Amino acid sequence: MTARTLRSWFVPLGIIVIAGLLIALIVLQVKNGGAGAATQGREDEAVDLSFVEAREETDVQAAGPVDAPVGLVVYSDYQCPFCARWSNEVLPLMLDYAERGELRIEWRDVNQYGADSERAALAAHAAGQQDAFWEFHEALFPGGEHLSPDQLSAESLSALAGSLGLDVERFTADLGAEASLAAVQRFAAEGRELGVSGTPTFVLGGEPLVGAQPESVFVDLVDRKLAEVR
């Protein structure tokens, strides 16, 4: 039995576990008035959710080595203002860890805002086919803001690809490719099945985090996870 098959076998149980945990975290946030409260009370949590990490060499929406000691899975939406803010303020720090080989980041869009979100996710995936996922991702969240629906039309996205120096003809083909749609819809479905009901949501080192929490929360948790494996 391969590692991928074994991971898939555990998914039904994992879905139940993470869905319950994420719902509990959201309830904690509401009761305690903020994302910071969600981390309080997680300290004794022993459940390992790292099975959600794909760790696939062919993943064009990932950064960092597949065998990095710590994994971060991000569930996001390209029309989510909190996702835009987190991408601007915290993601660069996480990419620094990935650049050093300490963190594997895998980006998953759940597209809760409909067709415009899905089209943006398709465009980012298409850019990834040209090794430009992160550059395109940053362009979709300029300055920590998300683009308007008008800026997420197929024509606007192709123009954006051209401004980043991508092969526009190839980009346009990948944007409309069945394979791209299948990948994007699979990522979104996995997020929903895992209980992700709001964005951004994260699994960092096997632990769930909900909301655009400050950089200190992520840095502290990454450092703690790295210390545990050293």
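The values are calculated or read from the model by the stated rules, or taken from the named source; none is laboratory data. Since this is a predicted model, take the numbers as computed values, not measurements. Neighbour counts are summed over all protein chains in view; Cβ atoms, including those assigned to glycine, are modelled from backbone coordinates with ideal geometry. For accessibility, only protein heavy atoms count, side chains too; no ligands or nucleic acids. Shrake-Rupley method; radii C 1.70, N 1.55, O 1.52, S 1.80 Å.
Give, rounded to the nearest 20 debye, the magnitude of the charge dipole that the stretch 47-114 has about its Cα centre when Lys and Arg contribute +1 at Cβ and Asp and Glu contribute -1 at Cβ.
Details: 5 positive and 13 negative charges, 41 e Å.
With only Lys, Arg, Asp and Glu charged at Cβ, the dipole is about 200 debye.
One equal scatterer on each Cα of the stretch 45-173, no solvent, Debye formula: the resulting log10 I(q)/I(0) at q = 0.12, 0.16, 0.17, 0.21 Å⁻¹ is -0.45, -0.79, -0.89, -1.28. Going by Cα centres, the stretch 85-144 and the stretch 164-206 are how many Å apart? About 10 Å separates the Cα centre of the stretch 85-144 from the one of the stretch 164-206.
Gain in length, E169 to D131, computed as 0.36 nm per residue apart minus the alpha-carbon separation, to one decimal in nm? Write out the running numbers ahead of the final one.
Working: separation 38, 0.36 × 38 = 13.68 nm, distance 1.54 nm.
Length gained between E169 and D131: 12.1 nm.
In this Cβ point-charge picture (+1 for Lys and Arg, -1 for Asp and Glu), the stretch 137-230 has a dipole of about 300 debye about its Cα centre. Ordering Q151, L181, F202 by Cα displacement along the dipole of the stretch 137-230 toward the positive end leaves F202 in first place; charges were set at the Cβ atoms of Lys, Arg (+1) and Asp, Glu (-1).
Figure note: E169, E135, E106 ranked by solvent-accessible area, largest first, 1.4 Å probe, ligands and nucleic acids not counted: E169, E135, E106.
Which of the listed residues, A127, P92, G162, is farthest toward the dipole's positive end in the stretch 72-230, when Lys, Arg count +1 and Asp, Glu count -1 at the beta-carbon? Checking the options against the dipole of the stretch 72-230, the answer is P92.
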